[in-house]
Amino acid sequence: MSKAVEQSKAIKGGEFLIRETPASDIFIPEEFNEEQRMIRQQCRDFLDKEVFNRLDEIDSMKDPNLMPSLLDKAGELGLLGTSVPPEYGGFGMDFNTTMLVAEVIGGGHSLAVALSAHTGIGTLPILYYGNEEQKKKYLPKLATGEWKAAYCLTEPDSGSDANSGKTKATPSGDGKYYTITGQKMWITNGGFADVFIVFAKIENDKNLSAFIVEKSFGGITMNEEEHKMGIKGSSTRQIFFNDCKVPAENLLSERENGFKIAVNILNIGRIKLGVAAIGGCKRTISLATNYAKERKQFGTTISNFGAIKHKLAEMVTRVFASESACYRAGQNIDDAYNALVNAGKEPAQAKLKSLEEFAIECAILKVHGSEALDFVVDEGVQIYGGMGYSADAPMDRAYRDARINRIFEGTNEINRMLTIDMLVKRAMKGSIDLMAPAMAVQKELMAIPDFSASADDGIFSKEKMVLSNLKKAGLMVAGAAVQKYMTKLSEEQEVLMNLADILIECYVAESALLRVEKLISIRGEQAAEIQKQMVLIYLHSAVERAANAAKHAILAFADGDELRLMLLGLKRFTKIDPYNLKEARRHVANYVIEKGEYPF
């Protein structure tokens with residue numbers, strides 16, 4: 001793994017837009033060590049042995065003890081305690097290793113949802129915000145699975161606007177307990193959880209507070225299991241707190257700190273969801289590839305058809321790019337954490353601070369990963385053809401289960417807007433200098449283009465220039481939008497989402513490029529030829545998608561000379577040399593077909 005970067009030199013969250021990152025500074029999945037590869041295989045073996053052969057049984061929910069028993073088995077393997085420090089019964093793995101576990105388990109359909117809810121939003125609030133007594137009491141049992149956890153935030157009238165929740169916590173006259181009354185909905189693991197992280201407002205507080213609530217406290221009732229489009233084996237209940245008495249010592253953190261807890265825990269959930277989606281993608285690609293190798297039409301297997309090769313190459317390329325970005329960000333978080341701990345910060349606070357620093361990247365990866373999965377399962381259905389629409393074939397479950405991920409952990413629309421909102425706020429606070437680069441782009445836009453400028457002859461030199469220009473396009477449009485709308489930019493949601501799409505494509509395309517550049521430095525260019533083809537495929541698509549998003553944003557607020565100038569600038573900043581993408585896709589697809597699975 002890469003060593004921790006000195007704090008003074010470390011890249012900041014969101015700074016990728018204005019700062020070049022050397023390939024040597026990023027972590028790539030090919031660098032996982034022997035222990036991490038063993039953990040990955042252990043997760044795969046668990047899914048093969050306990051989950052994939054029981055998917056129909058899990059989804060039927062006829063046995064209410066099945067999912068808890070699977071979590072028990074995961075606990076026996078240590079999969080529930082990856083983030084929990086050894087002193088509380090866990091393994092204290094670094095962030096990228098916990099990401100690797102989340103990725104592999106992400107292919108496990110409903111089990112993945114139950115496990116991630118328990119280990120993430122159910123356990124981490126106590127780990128990062130609990131006092132010592134709370135950690136000692138709850139974490140060891142959560143790390144082994146003896147107790148299962150759930151997270152109670154959403155209410156019927158408060159989804160994305162979480163702080164508007166109406167659940168109340170009334171302190172007793174003697175100050176010994178709180179009485180919680182209210183309704184929560186869409187609670188994952190609700191049917192069997194022993195411990196709930198519950199968000200409520202104390203009396204007439206403006207902001208939420210958080211509580212650790214044990215089922216044994218009483219005053220808790222729930223509706224029957226929800227009937228859902230997908231993840232049918234995941235317990236999802238409405239939960240009612242009817243004068244539920246909670247000891248005062250079970251207040252988590254400080255009064256009115258609940259909203260901050262919810263936001264910071266969701267940062268973790270977002271990047272973990274992004275990488276879990278990659279696990280779902282890989283399983284779907286492997287299934288679709290093997291089906292294409294077996295299914296015959298017109299006297300040959302459909303894997304020989306160009307249209308199928310096109311699909312497989314696009315599926316694999318998007319996943320490769322998203323995976324590259326996930327582990328790049330994961331290592332940034334690990335490096336920031338190590339620097340903070342070395343500087344004397346308490347570990348739990350260091351973890352929160354490092355995650356908060358890269359909240360922009362977390363939101364980006366949640367969006368990109370979930371949308372890559374939607375693309376992959378949709379193409380998976382298409383490759384299966386009529387069988388893809390059959391409930392007896394695996395694409396039915398894959399398709400339905402994927403759809404929730406664009407809603408989980410904040411909708412993709414919310415995450416897109418958060419990406420830009422966080423970036424602009426950091427610029428306003430001076431933590432990221434966007435103003436100088438944006439002004440430099442404006443100056444370049446007014447100047448005569450220097451067509452004599454050319455990239456050096458290094459690996460990906462031309463592609464790096466394309467990426468640099470693509471970032472300039474983002475700065476140009478974002479700078480003009482801020483000047484146009486000022487403080488009302490937050491009201492222009494369509495423009496914000498256009499800007500986010502540019503940012504997403506810049507980050508993911510650059511991550512894929514840096515991954516392959518580093519891989520070439522390790523293995524040589526010939527050994528990484530297929531990965532190089534994928535970078536070129538993705539970069540061309542990224543430029544096209546970003547240019548389209550930028551054009552829509554420009555047309556939304558510019559007119560006259562400004563419009564013409566910006567469109568000319570956009571054309572200049574989104575130039576890319578022609579490339580035979582058909583042949584590149586065929587090379588990639590042929591390699592995947594030969595391997596019979598996602599091979600990277």
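Each value in this text was obtained by applying a stated rule to the coordinates, not by laboratory testing. On a predicted model such as this, the values are computed, not experimentally measured, just so you know. Quick reminder, even Gly has a Cβ in these numbers, built from the backbone with ideal geometry, and neighbours come from all protein chains shown.
For the range 221-313, just list the percent of Cα-Cα distances falling in each 10 Å bin from zero outward, please.
Over the range 221-313, the share of Cα pairs per 10 Å bin runs 12, 20, 26, 19, 12, 9, 4, 0 percent.
Scan the chain and report its longest stretch carrying no trypsin sites (Lys or Arg not before Pro) that are both in a DSSP loop and have at most 10 other Cβ atoms within 10 Å.
Maximal segment without exposed cleavage sites: 207-600.
Quick one: net charge of Trp186's neighbours, Cβ under 10 Å, K/R +1, D/E -1?
My count for the surroundings of Trp186 gives +1.
May I ask you to derive the FRET efficiency for Lys429 and Thr301 from their Cβ-Cβ distance with R0 = 56 Å, giving the value to the nearest 0.05?
0.45
In the neighborhood of His552, defined by Cβ-to-Cβ distances under 14 Å, what is the net charge if each Lys or Arg adds +1 and each Asp or Glu adds -1?
Taking every other residue near His552 into account, the sum is -2.
Would you mind estimating how fast the chain diffuses translationally, via Stokes-Einstein at 4 °C and 1.567 mPa s with the Kirkwood radius over Cα pairs, in µm²/s?
52
I need the phi-derived Karplus couplings for the range 236-250: 6.51 cos²θ - 1.76 cosθ + 1.60, θ = phi - 60°, integer Hz, Gly and Pro marked x.
Working through the residues one at a time gives 9, 10, 8, 10, 10, 9, 10, 6, 6, 8, 10, x, 4, 6, 8 Hz.
Kindly state, as a whole number, the per residue volume in cubic angstrom of the convex hull around the alpha carbon atoms of the range 1-80.
So the per-residue Cα hull volume is 171 Å³.
Please report Val367, Val377 as a ranked list, fewest other C-beta atoms within 10 angstrom at the top and most at the bottom.
Final ranking by Cβ density, sparse to dense: Val377, Val367.
Pull up all non-local amide H partners of Ile220: gap of 5 or more, or a different chain, and H-to-H distance under 5 Å with H placed in the peptide plane.
The list, which skips near neighbours in sequence, is Asn242.
Stretch Ser468-Asn65 to full length: gain in nm at 0.36 nm per residue minus the Cα-Cα span?
So the chain would gain 139.7 nm between Ser468 and Asn65.
Against the globular-protein guess of 2.2 N^0.38 Å, express the Cα radius of gyration of the range 23-144 as a ratio, rounded to two decimals.
1.12
Between Met439 and Tyr389, how many nm apart are label points set 7 Å from Cα along the C-beta direction?
In this crude label model, Met439 to Tyr389 measures out at 6.0 nm.
In percent, what relative contact order does the chain have, based on Cα pairs under 8 Å that are 6 or more apart in sequence?
It comes to 15 percent, rounded to a whole number.
Modelled label-to-label distance, Asn131 and Asn204, 7 Å Cα→beta-carbon offset: nm?
So the two model labels end up 2.8 nm from each other.
What are the semi-axes of the equivalent ellipsoid for the range 430-595, taken as the square roots of 5 times the Cα gyration tensor eigenvalues, largest first, in whole Å?
32, 17, 15
For n ≥ 4 DSSP H runs only, could you compute -39500 (n - 2.57) per run for the chain, divide by its residues and tell me the 222 nm figure to the nearest 500?
Calculated from helices alone, the mean residue ellipticity at 222 nm is -18500 deg cm²/dmol.
Using R₀ = 45 Å, calculate the FRET efficiency as 1/(1 + (r/R₀)^6) where r is the Cβ-Cβ separation of Glu491 and Thr181; round to 0.05.
The pair Glu491/Thr181 has a calculated efficiency of 0.80.
For the range 149-255, count all C-alpha to C-alpha pairs, find those more than 24 Å apart, and express that count as a whole percent of the total.
Here the long-distance tail beyond 24 Å is 19 percent of all Cα pairs in the range 149-255.
Given R₀ = 45 Å, FRET efficiency for Asn53-Lys9 by Cβ-Cβ distance, to 0.05?
Efficiency, from the Cβ-Cβ distance: 0.35.
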